[in-house]
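Notes follow once the structure below has been shown.
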Amino acid sequence: MNLRFVTRWTLPALMFAVSQTALAARDSDLDELRDGAADPNQWQVVKKDKRHGITAWARREDGKSLRSFKIEYEVEGTLDDIARVSFDLPNYKRWYYQLKEARLLKRVSDREFYWYIVHEAPATLPDRDAVLRATITPYSPKTGYALMKIESVPDFMPPKPPLVRMVAENMTVKWSPAGKNRWRNVSEGFIDPGGSAPDWATNFVQRMAPYQTVLGLQRMIQSEENRNSKEAPVFSYGVYND
């Protein structure tokens, strides 16, 4: 293929697509501000997928131009089915939104570990990485839920240029019974990609990533491969009585 043709036509087309994505995201932000009935500091529904039972929200935090996210959904299966997928870091690339790498860095205990993750950024922006600390609160009949808390620890290991280290990728992942072998998840979080990423790109990812990730997680948890597996989870949401 003629290189001059590729450069002349393909590159402009790519840049046009990127610019349209940016404009669409910015227009969405403007629409939110124009809507006097909607308070951007309150949770606003951004996606409601009745087929898969997924509802996603976003809100703008006080003093910040970036949004937080919340998402709710249900899955069929046991806590072990959920944990087997949730803690299988090397296979995150099979279902996690725009993910290039995920691996365990340090196992502190059965309830705490550090892990490393690399995200593919929107076009024209450098990819991001993050070091995360996860702590697990196992399910208890008394509390009625199992919980995983994830928080960024960007100084845990040196930067790895050209990757940009994320300042925050914090979230809580809460599982509660929703029936026999059925669990409801409510996850909330906030990301700060660090570097010079424009707000439109960050807000675009925070709208898309949770929903797309949940679709993949549902598929993996409810797959025959997972349900028929006899392998114990690397970490467990467990069950304890108190």
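The values are calculated or read from the model by the stated rules, or taken from the named source; none is laboratory data. This is a predicted model, so every value here is computed, not measured. Reconstructed Cβ throughout: ideal geometry from the backbone, glycine too, with neighbour counts over all protein chains shown.
Tell me, please, whether a residue that is of a type outside the set (Asp, Glu), over 24 Å from Asn181 (Cβ atoms) and in contact with a Phe, Trp or Tyr (Cβ under 6 Å, 6 or more places away or on another chain) can be found in segment 157-166. No: segment 157-166 contains no residue that is of a type outside the set (Asp, Glu), over 24 Å from Asn181 (Cβ atoms) and in contact with a Phe, Trp or Tyr (Cβ under 6 Å, 6 or more places away or on another chain). Checked against the criterion of being of a type in the set (Val, Ile, Thr), more than 23 Å from Arg60 (Cα to Cα), buried (at least 19 other Cβ atoms within 10 Å of the Cβ) and in contact with a Phe, Trp or Tyr (Cβ under 8 Å, 6 or more places away or on another chain), segment 114-125 has at least one qualifying residue. Note on segment 65-85: residues that are modelled with pLDDT of 95 or more, charged (D, E, K, R) and part of a strand (DSSP E or B) total 4.
When you go through Ala102, Ala121 one by one, which is the residue that is under 14 Å from the mean Cα position of the chain (by Cα), over 20 Å from Val186 (Cβ atoms) and in a loop (DSSP other than H, G, I, E, B)?
Selected residue: Ala121, the only one of Ala102, Ala121 that is under 14 Å from the mean Cα position of the chain (by Cα), over 20 Å from Val186 (Cβ atoms) and in a loop (DSSP other than H, G, I, E, B).
If you go through segment 164-188 and keep only what is of a type in the set (S, T, N, Q) and in a strand (DSSP E or B), you end up with Asn170, Thr172, Ser176, Asn185, Ser187.
Of all residues being without any contact (Cβ under 8 Å) to a residue 40 or more places away in the chain and either of a type outside the set (Ser, Thr, Tyr) or closer than 21 Å to Ala130 by Cα (or both) in segment 140-151, which is surrounded by the fewest Cβ atoms within 10 Å (Cβ to Cβ)? Just the residue, please. Selected residue: Gly144.
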